[in-house]
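To start, the structure itself, in structure tokens.
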Amino acid sequence: MDILMIGGTGNISASIPRLLLTRGDRVWLFNRGSRREFEAMGAQYILGDLNDPEGMKRILAGRRFDVVANFFNFTADQCRRDFEIFRGNVAQYIFISSCTVYQKPLKTWPIREDTPLKNPFSEYARNKMASEFYLLERYREDGFPVTIVRPSHTYGETKLVGALLSWQDKQWTLADRILHGEETIVHGEGRTLWTLTHSDDFAAGFVGLMGLESTVGHAFHITSDEAMTWDEIYTTFAHALGVEPNLVHLPVEFIERNWPKFQGAFRGDKGESLVFDNSKLKRYVPGFAAKVPFHEGIRRSIAYHRAHPELMVVDPVYSRETDALIAKYRTLG
């Protein structure tokens, strides 16, 4: 197949071109070209800037692909741009949404694709919902061949794991704190269940959906079937580093009120027990199964960081903010 990936070099997406190129697909990557590691495997790069919509339209207009997957669409306006570019020129357009769109607070388990979509706590989730609604309307009214994919918490070589570790943060900072016996914040009592998915497993499900005409108009989440409590997650992380964790539990409301960058991150996502039913994906992609358990995947991530010292950057501001939050809670307590 001829496949265009817009982005394709980030944590969640990089495993996908690797798998596609290994099986012999023709892959184009649209980005600024700052990371071109897949060129040696046969990928072709189309250089452009997502922040220049008109330039993007000029570069991509009229090109025909079997599959287009955009990893950098976060709003309905961005989806509208893609509709204008690719209508009539693509057999399947994959929109990468998010499992944050599912009902919060959650009322039923496990989560299936027919779980209601509602998240009043997260603007990110509301924008993803609006994007889904727009693209499905274009499917119903114009025949635009959209398939919706919803990742949950996906980690990999360059992305470590932590409830209070955003993708913008220096990932090794948390590992460094754990290694040095410093306190690790766990939200709530650490007993809510959470699902972590390795990027290689996500890629297997994602690639399995590519080119399937029967998936058009459908939504699929792609996650592991393994669920762990947050206390278990941090303990497994620490053991992979060769130490015992030093956990401190803080209330969700206190964290969101006193660390603004995590506003909505718990009530709208990580504060819930998220366990997924992947039976729909398995019906469409027979044989799919997540194969990387967390205890193995986190060791891979740690090993990759240690093999790439340039990634082992520690952010002192993050650590100071962590310590200040803990100190404030104890003072108020």
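The values are calculated or read from the model by the stated rules, or taken from the named source; none is laboratory data. On a predicted model such as this, the values are computed, not experimentally measured, just so you know. Counting neighbours? That spans all protein chains shown, and the Cβs are built from the backbone with ideal geometry, glycine included. These accessible areas exclude ligands, DNA and RNA; they are computed on the full protein's heavy atoms, side chains included. Shrake-Rupley method; radii C 1.70, N 1.55, O 1.52, S 1.80 Å.
Kindly indicate whether Tyr134 is touching a Ser or Thr at 6+ places or on another chain (Cβ under 8 Å) and either modelled with pLDDT of 95 or more or aliphatic (A, V, I, L, M) (or both).
When the stated conditions are applied, Tyr134 does not pass them.
Limited to region 1-46, what total is found for residues that are at pLDDT 85 or above, in contact with a Gly (Cβ under 6 Å, 6 or more places away or on another chain) and not hydroxyl-bearing (Ser, Thr, Tyr)?
So the count comes out to 5.
Give region 294-329 a look and list any residue that's touching a strand residue (DSSP E or B) at 6+ places or on another chain (Cβ under 9 Å) and open to solvent by 90 Å² or more (accessible area, probe 1.4 Å), or say none.
The one that is touching a strand residue (DSSP E or B) at 6+ places or on another chain (Cβ under 9 Å) and open to solvent by 90 Å² or more (accessible area, probe 1.4 Å): Arg300.
Note down all Cβ pairs under 9 Å where the first residue falls in region 220-231 and is at negative phi and polar (S, T, N, Q), the second is surrounded by fewer than 18 Cβ atoms within 10 Å (Cβ to Cβ) and not in a loop (DSSP other than H, G, I, E, B), and they're at least six residues apart or on different chains.
Thr229/Leu193
Can you report the number of residues in region 11-34 which are open to solvent by 40 Å² or more (accessible area, probe 1.4 Å), under 23 Å from the mean Cα position of the chain (by Cα), farther than 23 Å from Arg81 by Cβ and free of Cβ contacts under 8 Å to residues at least 60 places away in the same chain?
Qualifying residue count, region 11-34: 1.
Kindly provide the set of residues from region 123-143 that are open to solvent by less than 20 Å² (accessible area, probe 1.4 Å) and either of a type outside the set (A, V, I, L, M) or assigned to a loop (DSSP other than H, G, I, E, B) (or both), ordered by number.
Lys128, Ser131, Glu132 - these are the residues of region 123-143 that are open to solvent by less than 20 Å² (accessible area, probe 1.4 Å) and either of a type outside the set (A, V, I, L, M) or assigned to a loop (DSSP other than H, G, I, E, B) (or both).
Let me confirm something: among Asp269, Asp323, which residue is assigned to a helix (DSSP H, G or I), in contact (Cβ under 8 Å) with a residue 60 or more places away in the chain and either among the aromatic types (Phe, Trp, Tyr) or closer than 23 Å to Thr115 by Cβ (or both)? Walk me through it before giving the result.
Working: Asp323 fails: either among the aromatic types (Phe, Trp, Tyr) or closer than 23 Å to Thr115 by Cβ (or both).
From the options Asp269, Asp323, the qualifying one is Asp269.
I'm trying to understand the selection: among the residues of region 49-92, which are part of a helix (DSSP H, G or I) and free of Cβ contacts under 8 Å to residues at least 12 places away in the same chain? So that I can check it myself, show each step before the final result.
Of the residues in region 49-92, the ones part of a helix (DSSP H, G or I) are 53-60, 76-86.
If the condition is that a residue be part of a helix (DSSP H, G or I) and free of Cβ contacts under 8 Å to residues at least 12 places away in the same chain, then Glu54, Gly55, Arg58, Asp77 are the ones that fit.
Do you know which of the residues in region 47-58 that are of a type in the set (A, V, I, L, M) and open to solvent by less than 60 Å² (accessible area, probe 1.4 Å) is modelled with the lowest pLDDT?
Leu50
Between Lys280, Lys291, Lys270, which is touching a helix residue (DSSP H, G or I) at 6+ places or on another chain (Cβ under 9 Å), closer than 16 Å to Phe202 by Cα and open to solvent by 20 Å² or more (accessible area, probe 1.4 Å)?
None of the others qualify; the one that does is Lys291.
Please enumerate the residues belonging to region 87-119 that are within 25 Å of Met1 (Cα to Cα), open to solvent by less than 50 Å² (accessible area, probe 1.4 Å) and modelled with pLDDT under 95.
Selection gives Asn89 alone.
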